[in-house]
1. Between the helical axis of 34-45 and the dominant principal axis of the chain, each derived from Cα atoms, what acute angle in degrees is found, rounded to the nearest 10?
2. Using a Gaussian network model on the chain with a 10 Å cutoff between Cα atoms, which of 70, 26, 89 fluctuates the most?
3. Hey, with R₀ at 25 Å, roughly what FRET efficiency would residue 104 and residue 53 work out to, going by the Cβ-Cβ distance, to 0.05?
4. In the chain, what percent of the accessible surface is made up of carbon and sulfur (1.4 Å probe, ligands and nucleic acids excluded)?
5. Under a GNM of the chain (C-alpha, springs under 10 Å), which listed residue has the highest mean-square fluctuation: 116, 20, 68?
6. Per DSSP helix of 4 or more residues, -39500 (n - 2.57); summed, then divided by the residues of the chain. What does that give at 222 nm, rounded to the nearest 500?
7. Quick one: dipole size for segment 32-132, taken about the Cα centre, charges +1 on Lys/Arg Cβ and -1 on Asp/Glu Cβ, in debye to the nearest 20.
8. Between helix 115-126 and the chain, what is the angle of the helix's C-alpha long axis to the longest principal axis, kept within 0 to 90° and rounded to the nearest 10?
Amino acid sequence: MSLIVDPQHPFEECGIDGAALSDEVLIVREPGSSSREMVAQALATHGIEPKRTLEVGSTEAIEQTVAAGLGVAIVSSITIIDQVRLGRLRMVPIHNLFIERTMWQLKALGRIDIPAATAFERIIWQDSRLRR
């Protein structure tokens, strides 16, 4: 997972100390979201407690809110690659804070794989961006 900011945000490209998040508006998912819980737990483990949060209901809404300069967020890296390439968002490393989300793949035994599913699985395992 990665910290995202708008392109004009003053955070340095080389990264920040996690304590810097305390003074930011942290944009988070709705209660019950697993990604919200992961981020909250990781920040709490490092004693980081944002003074203000803004709750939104989807990753797309988070991206749009961050791009508008209304706060910062920590989201799954794969979800924001296109927005980073377009220059709408910027990823900023957080020193000494690594948040990794485990993804699971379920397959039904005995079910025949269709070509699209096989191609998708190959992309997942070969694409290094998905292993962050």
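The values are calculated or read from the model by the stated rules, or taken from the named source; none is laboratory data. Being a predicted model, the structure only gives us computed values, none of them experimental. A quick note on method: Cβ atoms are made from the backbone with ideal geometry, for glycine too, and the neighbour counts reach across all protein chains shown. Note: areas computed on protein heavy atoms with side chains; ligands, DNA, RNA excluded. Shrake-Rupley method; radii C 1.70, N 1.55, O 1.52, S 1.80 Å.
1. Approximately 50 degrees, to the nearest 10.
2. 70
3. 0.35
4. So the carbon and sulfur contribution to the accessible surface is 56 percent.
5. 116
6. Numbers: 4 runs with 38 residues, N = 132.
Result for the chain, helices only: -8500 deg cm²/dmol.
7. 180 debye
8. Here the helix axis deviates by roughly 50 degrees.
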